[in-house]
């Protein structure tokens, strides 16, 4: 018998990949979020039913009538970037915190046995760490995006304490992969299309990030959904490997097959920490292993980009 699961924000980058992966594992996947998504397109990504709606009690009831009670809800809806939260902090709050409040209240009222897996962010840790970050480190976000992700987590904890909500939180680091059409890798590839031997980038190039391929992300989210695991599980979604931006740029240039000179402006973006890298002791203790290293992951991304642009 197929397990019914929901994905909020299923039309987004991570949501699409998660839906397709879960459908391949014989889940029946339903999604809710913003945007028209024709059935012939959503079915390609494994979606059995899509509801183009905001996340509130009434719309969640509509989805329940379509699918039945889900065994698990993967909550991916919410703000997606630090920059957008700085530009429109109230909108980011509504997208991340208010939607989560509606969701946990619906679970409390109508589906108390449903497990909730929340995609949070390493931004909750802030910028103060010069070492790999463990899940038990103090959270000290400094952007609206990070604060709102932490509020989302706290809502889950409050409902777990008061109403026995079953939940898991995955704090994602630098996620990348095919169909991500924004952020650093996309920007570099777009510039390389037009570059005349020079690639100009912001920052210093020495910023350290923990890059995790989307195929490992979706496996980790399913891993966290296991009902046999702790109901208050918090996991870092990273590889534990620190890679400087200058190395990432070099890997993209190499995969592209050119010899572009890489220049950095020396000016970082507001809200960006210098180092954001996971400590993976908890994942290792649970037996979860990453499959894709950053070299092969970037090669795959560049190949996908070139095919897309043909």
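Results, tabulated for the structure shown:
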{"read-out": "The chain: relative contact order as a whole-number percent, Cα under 8 Å and 6+ apart", "value": "17"}
{"read-out": "Simple spin-label estimate for residue 282 and residue 41 in nanometres, 7 Å along Cα-Cβ", "value": "3.6"}
{"read-out": "Nearest-0.05 FRET efficiency for residue 2 and residue 299, computed from C-beta distance (R0 35 Å)", "value": "0.50"}
{"read-out": "Helix 99-110 axis, angle to the chain major axis (alpha carbon atoms, nearest 10°)", "value": "30"}
{"read-out": "Percent of C-alpha pairs per 5 Å bin, the range 150-195, short to long", "value": "5, 17, 16, 11, 9, 10, 10, 9, 6, 4, 2, 0"}
{"read-out": "Footprinting exposure proxy for 103, 208 (fewest neighbouring C-beta atoms within 10 Å first)", "value": "208, 103"}
{"read-out": "Angle between the chain longest axis and helix 13-24 axis [Cα atoms, degrees, rounded to 10]", "value": "60"}
{"read-out": "Separation in nanometres of the label points that stand 7 Å from Cα toward Cβ, at residue 263 and residue 195", "value": "1.3"}
{"read-out": "Sequence-separation-based contact order of the range 106-151, relative, with Cα cut under 8 Å and 6+ spacing, percent", "value": "39"}
{"read-out": "Principal axis dimensions, largest first and in whole angstrom, of the chain by Cα", "value": "58, 45, 39"}
{"read-out": "Rg followed by Dmax, in Å, when the range 48-179 is reduced to its Cα trace", "value": "15.4, 49"}
{"read-out": "Ordering of 66-74, 31-39 by burial proxy (mean other Cβ atoms within 10 Å per residue, highest first)", "value": "66-74, 31-39"}
{"read-out": "Helix 144-163 axis, angle to the chain major axis (alpha carbon atoms, nearest 10°)", "value": "30"}
{"read-out": "Viscosity 1.002 mPa s, 20 °C: Kirkwood-radius Stokes-Einstein D of the range 163-288 over Cα pairs, µm²/s", "value": "131"}
{"read-out": "Rg to Rh quotient for the range 182-247, alpha carbon positions, Kirkwood Rh", "value": "1.15"}
{"read-out": "Residue-span extension gain [residue 230 to residue 158] - 0.36 nm each, minus C-alpha spacing", "value": "24.3 nm"}
{"read-out": "Taking 130, 293 and counting other C-beta atoms within 10 Å, the order from fewest to most", "value": "130, 293"}
{"read-out": "Taking 170, 29, 217 and counting other C-beta atoms within 10 Å, the order from fewest to most", "value": "170, 217, 29"}
{"read-out": "Shape parameters for the range 1-125, alpha-carbon atoms, Rg then Dmax in Å", "value": "14.1, 46"}
{"read-out": "Sorted peptide list for 219-228, 133-142, criterion being average Cβ within 10 angstrom, highest first", "value": "219-228, 133-142"}
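Laboratory data are not the source of any read-out in this text; all were calculated from the coordinates shown. Note that the coordinates shown come from a computational prediction; the quantities given were computed from them, not determined experimentally. Neighbour counts are summed over all protein chains in view; Cβ atoms, including those assigned to glycine, are modelled from backbone coordinates with ideal geometry.
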